[in-house]
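Written below as structure tokens is the structure these notes are about.
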Amino acid sequence: MRKSIYHLLFLYLLICSELIAVEVVEYTVQPGDSVIKIAKAFGISPSVLMDWNPTLTESLTLRVGDHLFVPKSNVVKHVVKDGETLWKIAHIYSLKLGDIVRANGIVSPIIRPGDVLYIPWEKIGSILNNNSDIAWPLYGTISSGFGMRIHPITGKKSFHTGLDIAANEGSPVLASIDGIVVYAGYNGGYGYMVEISSGRYTTVYGHLSRICVYPGQFVKRGSLIGRVGSTGLSTGPHLHFEVKVSGQLRDPLAILPSRDTMFAESPYEPLPIGGLDKSSGGN
């Protein structure tokens, strides 16, 4: 019965859908080009262009003759990993299941590792709970809390300045607040890191594998800003997440909504928060 309901839901979503045709071109950088200029020319977000081209994490400086992959639709690519379902992927990107169905012309809920799905940029983060000052930046498992602990690498007692959330390599990291990107780059033990400030709140996202924003960029809560990695001083794929209020470090769990209210609405299939149990890591 439950399986029949899911298939009926998929049929309904497909009847009501307008599919996104994703065409990707290889673009050769011309004199005077920039990430912002190229993205504007193709009608996509600069963050989408950066996500499709991981080399831009290392440097935003383009050289004439460089080659970039540019989607003609405002979408990012997701390669299905072992154990993932469409419902879990909807949670990972904080959007509705129907958004994925419509974007990919899906006719069956069955997906396999290695399958490629296209995620609509404008829908990412659309079901996040906005009733708190900051939103959850990642769907994953808490692996280390804020405060004193034994450092997993040095073995010494030290103060942990943030919250570690473990997830699969490449999982999307979303902005917790509306604000300006004040830093995006490599920062020692933090590895690839993004810092966003709204004035009162400052949030830090560390150990990324990929950065999808640039300094000075305004981002909205729920926007894709990077991907989970293990760069810097790290023991495995995870996000190191810090929150400052008026310049003072705070325990993120004291400000974030409860994990069972991470989403304002269900993507259709309720899943336990922290569902990526196969992941591990922390620092």
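The values are calculated or read from the model by the stated rules, or taken from the named source; none is laboratory data. Values in this document were obtained by computation on a predicted structure and should not be read as measured data. All Cβ positions, glycine included, derive from the backbone under ideal geometry; neighbour counts span all protein chains shown.
Okay, residues lined up against (1) in the same structural domain as Val24 (by TED's automatic domain parsing); (2) of a type outside the set (Ser, Thr, Tyr); (3) at pLDDT 95 or above:
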{"position": "Pro46", "(1), (2), (3)": "yes, yes, yes"}
{"position": "Ser59", "(1), (2), (3)": "yes, no, no"}
{"position": "Leu62", "(1), (2), (3)": "yes, yes, no"}
{"position": "Gly65", "(1), (2), (3)": "yes, yes, yes"}
{"position": "Ser73", "(1), (2), (3)": "yes, no, no"}
{"position": "Val76", "(1), (2), (3)": "yes, yes, yes"}
{"position": "Lys81", "(1), (2), (3)": "yes, yes, no"}
{"position": "Leu86", "(1), (2), (3)": "yes, yes, no"}
**Asked** Does Arg102 satisfy the criteria of being of a type in the set (Lys, Arg), modelled with pLDDT under 90 and in the same structural domain as Val24 (by TED's automatic domain parsing)?
**Response** yes
**Prompt:** Under the condition of being touching a residue at least 60 places away in the same chain (Cβ under 8 Å) and among the small types (Gly, Ala, Ser), which residue from the range 90-129 is farthest from Gly140 (Cα to Cα)?
**Reply:** Gly105
**Conditions (1) surrounded by 13 or more Cβ atoms within 10 Å (Cβ to Cβ); (2) of a type in the set (Val, Ile, Thr); (3) over 21 Å from Pro215 (Cα atoms); number of the one not met by Ile36** = (3)
**Item:** Residue under evaluation Leu68, criteria (1) under 23 Å from Gln217 (Cα atoms); (2) without any contact (Cβ under 8 Å) to a residue 40 or more places away in the chain; (3) not polar (S, T, N, Q), criterion not met
**Value:** (2)
**Asked** Is there a residue being buried (at least 17 other Cβ atoms within 10 Å of the Cβ) and over 14 Å from Trp121 (Cα atoms) anywhere in the range 43-51?
**Response** no
**Request:** Give the number of residues within the range 113-169 that are over 16 Å from the mean Cα position of the chain (by Cα) and within 23 Å of Ser73 (Cβ to Cβ).
**Result:** 3
**Asked** Gly32 is checked against (1) modelled with pLDDT of 90 or more; (2) under 30 Å from Asn168 (Cα atoms); (3) not in a helix (DSSP H, G or I) and fails just one. What number does that condition carry?
**Response** (2)
**Prompt:** Can you find even one residue in the range 180-189 that is at pLDDT 95 or above, polar (S, T, N, Q) and surrounded by fewer than 17 Cβ atoms within 10 Å (Cβ to Cβ)?
**Reply:** yes
**Message:** Looking for something over 19 Å from the mean Cα position of the chain (by Cα) and surrounded by fewer than 19 Cβ atoms within 10 Å (Cβ to Cβ) - is there at least one such residue anywhere in the range 76-90?
**Reply:** no
**Complete:** Of the residues in the range 182-236 that are under 20 Å from Leu49 (Cα atoms) and among the polar types (S, T, N, Q), the one that is nearest to the chain's Cα centre (by Cα) is Ser223
